[in-house]
Amino acid sequence: MIDSKQKLTDGFKDFIDDALLENLIATTTEDVVAIREVIAKSMELKPLTIEETATLCAAQSPVIIEEIFAAARELKKKVYGNRIVIFAPLYIGNHCINECKYCAFRKSLRTTVRKTLNESELKLQIEALEDAGHKRLIMVYGEHPDYTPEFIAKTVRDAYSVKKGNGEIRRVNINAAPLNEEGFKIVKEAGIGTYQIFQETYHHKTYREMHPANTHKGNYEYRLDGLTRAYEGGCDDVGIGALFGLYDWRFEVLGLISHSWHLLNRFGCGPHTISFPRIRPAHGVTLNEKYLVSDADFKKLVAILRLAVPYTGMILTARESAEMRGEVMQFGVSQIDAGTKIELGGYTKDGEQELNKEQFQIGDVRSMDEIVKNLLQNDFIPSFCTSCYRQGRTGEQFMEFAVPGFIENFCTPNAALTLAEYLEDYASDDTKIEGWKMIEKEVAGLDSEKTKELIQKRLIEIKEQGTRDIYL
């Protein structure tokens, strides 16, 4: 049920003003006093306007950029503690009717191997992910008439139904084509978590150049309106994103902030997550290097986004190298994927992945256990928690917890409990030792003696009694 009429939400107005954003970029110069005032506002957990975000983007001197990094580190700690949520992407099908110039799945690229997982293949992929310890997935679909809301809903239900040993998937997020309102209702009823729609680029001219007008994705306005329809269809947990490298990174940052404000003003809460992937080499794709984002600018934009949307989860995928992920997790990122395979059926395949079966090349090829151990060694607590989603702390409810910083009261205890499950069921011996040290440290640092006692009791249930799926 891809909506061929591409009907926009009643009252839709394009809220991305290219001229305004370009003017802000052109006329905003580094002002140390103004930058420090903006940082101070962000540290009060107040979202920044596009003008204030442009002020941060104008920072040039190493000293003031380091102040932005330091503030982002402090803010992330204040809102999210030192937890990093772990998930895995699972590609369900790569058939596509679009012609996105940067994508190896575009329709006209005949050398790409096309596949849609059938029910038995999906089960095998889920079992492999559960064997690695995963509890959270983002399921990815090409844009094709076969991938209807009914099809997406069925694959979600199938994923939830697979149980192997102590393994189970507790949250399925979706990255798929924009639907109409009825379509969003159908996938919501299947129990999805977040529905992601990336605008790719918010710059109208670049969008038209990258997405031919005769394709479904060629309609900029319909895609921009997608998450508004998602809200209207009952999906109050949504994710936005831009593909950095298609246009000026500063414009894309301001576009993301404009989108966030649109959702906040209309529905009372902004996006649950923001993603900021950099374009990567891909089979059959020739990259235009004009707007490729340097490592220095990438680190800067991550810190700026953290300050601009203090309450929003930030996702950094395995597109980036292990080294880069290690750096930017310090001052912004709250979610990463681990043990990632983006080839269709890749989680049950040994050896190297085939580039003509992938959407792009990944940069971090470490296993789940390697990543978990590395996080622990760098004083992060890996979290497999899904409690907010399962207890209705989404949308405006999530804002009530996240904006004042109360979310840490739930996240640290639940991160410890879900990490304990992983350690007992899936971790290597070395990771297990590191993990229990971290849990002991995190529990000792809790302010409430009552909460400490409760968590200690539940950790004993996990470790000694084999109880699973305990959360606050």
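The values are calculated or read from the model by the stated rules, or taken from the named source; none is laboratory data. Model, not experiment: these values are computed from the prediction. Ideal geometry is used to build each Cβ from the backbone, glycine not excepted, and the neighbour counts take in all protein chains shown.
Applying the selection to the stretch 436-468, what residues are surrounded by 15 or more Cβ atoms within 10 Å (Cβ to Cβ) and touching a Lys or Arg at 6+ places or on another chain (Cβ under 8 Å)? Selection gives V443, L446, I462.
Rundown of residues vs (1) over 18 Å from I279 (Cα atoms); (2) crowded, with 20+ Cβ neighbours inside 10 Å, yes/no style:
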residue	(1), (2)
A213	yes, no
H216	yes, yes
N219	yes, no
L224	yes, yes
Y231	yes, yes
D237	yes, yes
L246	no, yes
R250	no, yes
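In the stretch 370-417, how many residues are of a type in the set (F, W, Y), over 16 Å from K78 (Cβ atoms) and at pLDDT 70 or above? Before the answer, list the steps.
At the first step, the residues of the stretch 370-417 found to be of a type in the set (F, W, Y) are 380, 384, 389, 398, 401, 406, 410.
So of that shortlist, the ones also over 16 Å from K78 (Cβ atoms) come out as 384, 389, 398.
Remaining after also requiring at pLDDT 70 or above: 384.
Residues meeting the conditions: 1.
Among the residues of the stretch 117-152, those that are farther than 29 Å from A427 by Cα, of a type outside the set (D, E) and within 23 Å of the chain's Cα centre (by Cα) comprise Y141, G142, H144, Y147, T148, P149, F151, I152.
Scan the stretch 168-177 residue by residue and report those that are more than 30 Å from Y426 (Cα to Cα) and in contact (Cβ under 8 Å) with a residue 60 or more places away in the chain. Spell out the reasoning first.
Here is the first cut: in the stretch 168-177, the ones more than 30 Å from Y426 (Cα to Cα) are 176-177.
Correct list: A177 only.
Restricting the search to the stretch 110-144, which residues are buried (at least 21 other Cβ atoms within 10 Å of the Cβ) and in a strand (DSSP E or B)? R136, L137, I138, M139, Y141, listed by residue number.
Specify which of the listed residues (E52, E44, E74) is closer than 27 Å to N23 by Cα and not basic (K, R).
Values: E44 fails: closer than 27 Å to N23 by Cα; E74 fails: closer than 27 Å to N23 by Cα.
Selected residue: E52, the only one of E52, E44, E74 that is closer than 27 Å to N23 by Cα and not basic (K, R).
When T201 is tested against the conditions (1) more than 17 Å from C100 (Cα to Cα); (2) under 20 Å from the mean Cα position of the chain (by Cα), the lone failure is (1). When the residues of the stretch 42-69 are filtered to those that are closer than 18 Å to I25 by Cα and in a loop (DSSP other than H, G, I, E, B), the one that is farthest from the chain's Cα centre (by Cα) is S61. Just one of the listed residues (A132, A104) is within 27 Å of R468 (Cβ to Cβ), in the same structural domain as V156 (by TED's automatic domain parsing), in contact (Cβ under 8 Å) with a residue 60 or more places away in the chain and not acidic (D, E), and it is A132.
Evaluating N23 against the criteria (1) assigned to a helix (DSSP H, G or I); (2) farther than 30 Å from N219 by Cβ; (3) among the polar types (S, T, N, Q) leaves one unmet condition, (2).
Do we find a residue being touching a residue at least 24 places away in the same chain (Cβ under 8 Å) and small (G, A, S) anywhere in the stretch 180-189?
Of the residues in the stretch 180-189, the ones touching a residue at least 24 places away in the same chain (Cβ under 8 Å) are 180-189.
Among the residues that remain, those that are also small (G, A, S) are: 183.
Within the stretch 180-189, one or more residues are touching a residue at least 24 places away in the same chain (Cβ under 8 Å) and small (G, A, S).
The numbered conditions (1) among the acidic types (D, E); (2) under 18 Å from E320 (Cβ atoms); (3) in contact (Cβ under 8 Å) with a residue 60 or more places away in the chain are all true for D248 except (2).
Name the single residue that is nearest to the chain's Cα centre (by Cα) among those in the stretch 414-464 being over 24 Å from M368 (Cα atoms) and of a type in the set (G, A, S). Looking at the filtered set, the residue picked out is G445.
Rundown of residues vs (1) in a loop (DSSP other than H, G, I, E, B); (2) within 20 Å of I315 (Cα to Cα), yes/no style:
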position: K188; (1), (2): no, no
position: G193; (1), (2): yes, yes
position: F198; (1), (2): yes, yes
position: T206; (1), (2): no, no
position: E209; (1), (2): no, no
position: P212; (1), (2): yes, no
position: R223; (1), (2): no, no
position: L227; (1), (2): no, yes
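Could you tell me whether the stretch 67-83 includes any residue that is closer than 15 Å to A308 by Cα, acidic (D, E) and in contact (Cβ under 8 Å) with a residue 60 or more places away in the chain? No: zero hits.
Report, by residue number, each residue of the stretch 320-331 that is surrounded by fewer than 22 Cβ atoms within 10 Å (Cβ to Cβ) and not in a helix (DSSP H, G or I). Result: S321, single match.
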